[in-house]
Amino acid sequence: MSKVLLGDVAVEHKETCKGSKDGYPIVGLEHLVPEEITLTAWGEGSENTFTKMFRKGNVLFGRRRAYLKKAAVAPFDGICSGDITVIEAKPDRILPELLPFIIQNDALFDFAVGKSAGSLSPRVKWEHLKNFEFELPDMDKQKELAALLWAMDDTKKSYQKLIAATDELVKSQFMELFGDATTNPKGLPTALIKNVAECYAGATPSTKVAAYWDNATIPWMSSGEVHNGRVSATEKKISQAGYDSCSTKMVPANSVVIALAGQGKTRGTVAITEIELCTNQSLCCIIPNSSVISDYLYYHLKLRYEEMRNLAGIAEGRGGLNLKLIQGIRILVPSKAAQEEFVAFARQSDKSKFELEQALAELTATYKRIIAENLG
């Protein structure tokens, strides 16, 4: 095993599409999924300004905002964004099948971040990336590592598919029991959220006053934590003085929380509280009355994520959710017995999903450790 530079075993593939783009898949940064080594999404059509060509087997490295950890193997020839560096293995120096794991490596991403230039949208150049140093085993060991790592990646994808299938199963069960919330084919009773629940938003104590945050004990939830689904702890806490200084309110355990705003796909995301806490102004807390089980409402709204994002033109970025919009959402209100039946099924599915996610996390940790120990 010897130390080498990335530039010793790979080159930047520089090729420009000078003819028609018809028939070539198009890959932009949005198609690269963080920490996923295979490309699973792309665009079609020639209506774009991209001219950079890549070939099957090349590694597509997202050079803009390298901290997002975007790098994937191209499964075909195509055209990509100028914000993607196309990297090609030198077959006489490295097994091409191993190169993607050297690129999809936390150490390389950290190196890339350190070499990036630009404040708002930092980018890294190949001239810097090629100086990344790592351990390279002999060819026999490379073949062994590549086979192991690709097998582990296949297993990761199997777990991911099972997790997605679990979500679909819950959705299918809801549709079987209750039908679509918009068309209500089963003629179930319905109600606006404002008629079956109390709704209010939170607030944020001044971040400039240390006393509001130091030695604090009151759990305070931000919109970034809605993705956790079930919230049993919060990243931050505020003091009693901080709580008294703003209009946030305590939210009982077993309340539903919806993100009114947030980065990326956060808006419209739903969570349920497992502890008493307070929230920031980007969250709407829903405390249902006795006609609606909190867990039922949580799943009901969670399954309508896209619908909620489209309220007030959110999908097009024209607005945001607010209390009035949330209160005006119409929900299905089946019998308590039917709600309980569905909740029992959904909770069991969540338990299975959690176990799968734990297995996936452990596999991912092992996968990263093998890369670090053998290619670090």
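The values are calculated or read from the model by the stated rules, or taken from the named source; none is laboratory data. As the structure is a prediction and not an experimental result, all values here were calculated from the model. For neighbour counting, all protein chains shown are included, and Cβ atoms are generated from backbone atoms with ideal geometry for every residue, glycine included. Note: accessible area is taken over every heavy atom of the protein model, side chains too, but ligands, DNA and RNA are not part of it. Shrake-Rupley method; radii C 1.70, N 1.55, O 1.52, S 1.80 Å.
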Gap separating the Cα centres of the stretch 224-238 and the stretch 58-132, nearest whole Å: 33
Dipole in debye (nearest 20) - the stretch 2-72, about Cα centre, beta carbon charges: Lys, Arg +1; Asp, Glu -1: 280
In Å², nearest 10: area of residue 370 left accessible to a 1.4 Å probe: 20
Helix-only mean residue ellipticity at 222 nm for the chain, each DSSP H run of n ≥ 4 adding -39500 (n - 2.57), per residue, nearest 500: -11000 deg cm²/dmol
Highest-fluctuation residue, 153, 138, 295 considered, GNM on the chain with Cα pairs under 10 Å: 138
Percent of beta bridges antiparallel (DSSP, the chain, rounded to nearest 5): 85
Accessible-area value, residue 50, 1.4 Å probe, nucleic acids and ligands omitted, Å²: 50
Point-charge dipole on Cβ atoms (K/R +1, D/E -1) for the chain, about Cα centre, debye to 20: 940
Positive dipole terminus of the stretch 195-267, leading residue within 241, 260, 210 (C-beta point charges): 260
Identified option (computed Rg/Rh (Cα atoms, Kirkwood Rh); candidates (1) 0.96; (2) 1.04; (3) 0.99): (2)
Probe 1.4 Å - accessible area at residue 175, Å² to nearest ten: 90
Listed residue (27, 37, 134) projecting farthest to the positive dipole end of the stretch 18-158, Cβ model: 27
Assigned charges on the beta-carbon of Lys, Arg, Asp, Glu; the stretch 103-186 dipole about Cα centre (debye): 320
Extended-chain gain in nm, criterion 0.36 nm per residue less alpha-carbon gap, residue 366 and residue 192: 57.9 nm
